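Each value in this text was obtained by applying a stated rule to the coordinates, not by laboratory testing. As the structure is a prediction and not an experimental result, all values here were calculated from the model. Heads up, the Cβs are rebuilt from the backbone with ideal geometry, glycines too, and the neighbour counts pull from every protein chain shown.
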Ligand code: SF4
């Protein structure tokens, strides 16, 4: 499917703070700012890669978008509809349209259920088919993800990690969703299997008219599947750009550091790694100004006190850094 101009998903100023309680009365004394004012969109037919270190808030953002947890504030529109206003049957309908593939194919499948029952569960819950017809749909899905229809009565422990992830993909497809959130779908797999699963996801995107939000910490993985890529740091989006531009002309010092640490197969293309000093600060009390200033190799005085506004460098490139703007779209020289 071609990418259209219509947004399948639009996230506006989304926040998710987890309260920390203390004292005898268990009053809220602070909060973990897991997702802090993020905005982005995904066009119909598009794959948006969301990258960042562990704990940067990307998985929490996905859970809020799926309404598995409630937001602190902000809006999420699915096909133009504000999903936080949906209740009852409408919310049930939304769940059919948005599915997730989890990172760990070992814990995401119920070991007590057969493969057929796992994939058929959603079909039954949404009343899409029954009996023989339901079984035929599941068998068709098994074949679609590269497994034998004859595996219907087998159990998860009989399969390898790659096969389990194929089963998880078949389950996600069973409701014919329009958007799938892939949360580190290949991180737990051997490198040799990763490419197979990525190719499968690419094929299925065309066959099922899907859009993806592809969450990963692995920049070599996200390049092959994404149309655009966003970098996330401490709950905020630092940069979003089209994939080609993201890799050829990154502007945010954090993106530059992440890319420099990405090991490329061609040694001629490898850059000297930018080593970020220090640990990621606590999301309970994030640094003032730019959240990256405590680790940024080119931080200035202004970075410590003023929060950088998101700046549109071009129609498809946004960056949040004091040193870059549309009239000076040149990456800061980050020392290696
Ligand atoms: Fe670094 Fe300052 Fe840019 Fe933040 S605003 S990324 S601290 S240069």
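What to note about this one:
- The range 120-182: C-alpha gyration tensor shape, a/c 1.5 cut-off, then a/b vs b/c: oblate
- Computed helical MRE - 222 nm, the chain, DSSP H runs ≥ 4 contributing -39500 (n - 2.57), nearest 500: -8500 deg cm²/dmol
- Peptides 151-163, 41-53 ordered by average Cβ neighbours within 10 Å, highest first: 41-53, 151-163
- Principal-axis tilt of helix 115-125 within the chain, Cα atoms, nearest 10 degrees: 80
- For the chain, the longest principal axis of the C-alpha atoms and the axis of helix 131-144 are separated by about 50°.
- Computed from the Cβ-Cβ distance with R0 of 45 Å, the FRET efficiency linking residue 328 to residue 69 stands at 0.70.
- A crude spin-label estimate for the pair residue 114 and residue 203, with each label 7 Å from Cα along the Cβ direction, gives 2.5 nm.
- Dividing the mean sequence gap of close Cα pairs (under 8 Å, 6+ apart) by how many residues the range 128-274 holds gives a relative contact order of 14 percent.
- Structural descriptor for the chain: relative contact order 18 percent, calculated from alpha carbon pairs under 8 angstrom and at least 6 residues apart.
- Spacing of the two label points (7 Å from each Cα toward its C-beta) at residue 106 and residue 272, in nm: 4.0
- Ordering 243-249, 229-235, 288-294 by mean Cβ neighbour count within 10 Å, with the highest value first, yields 229-235, 288-294, 243-249.
- Degrees separating the helix 191-207 axis from the principal Cα axis of the chain, which is the longest one: 70
- C-alpha center-to-center spacing [the range 141-170, the range 69-116] in angstrom: 22
- The fraction of Cα-Cα pairs per 10 angstrom bin, counted from 0 for the range 21-69, comes to 19, 41, 26, 10, 4, 0 percent, rounded to whole percents.
- For residue 18 and residue 302, the FRET efficiency from 1/(1 + (r/R0)^6), where r spans their Cβ atoms and R0 equals 45 Å, is about 0.90.
- At 1.567 mPa s and 4 °C, Stokes diffusion of the range 60-140 via Kirkwood alpha-carbon radius, µm² per second: 88
- 13 Å reach of a label modelled at residue 96, 7 Å along Cα-to-Cβ, counting backbone N of the range 111-144: 122-130
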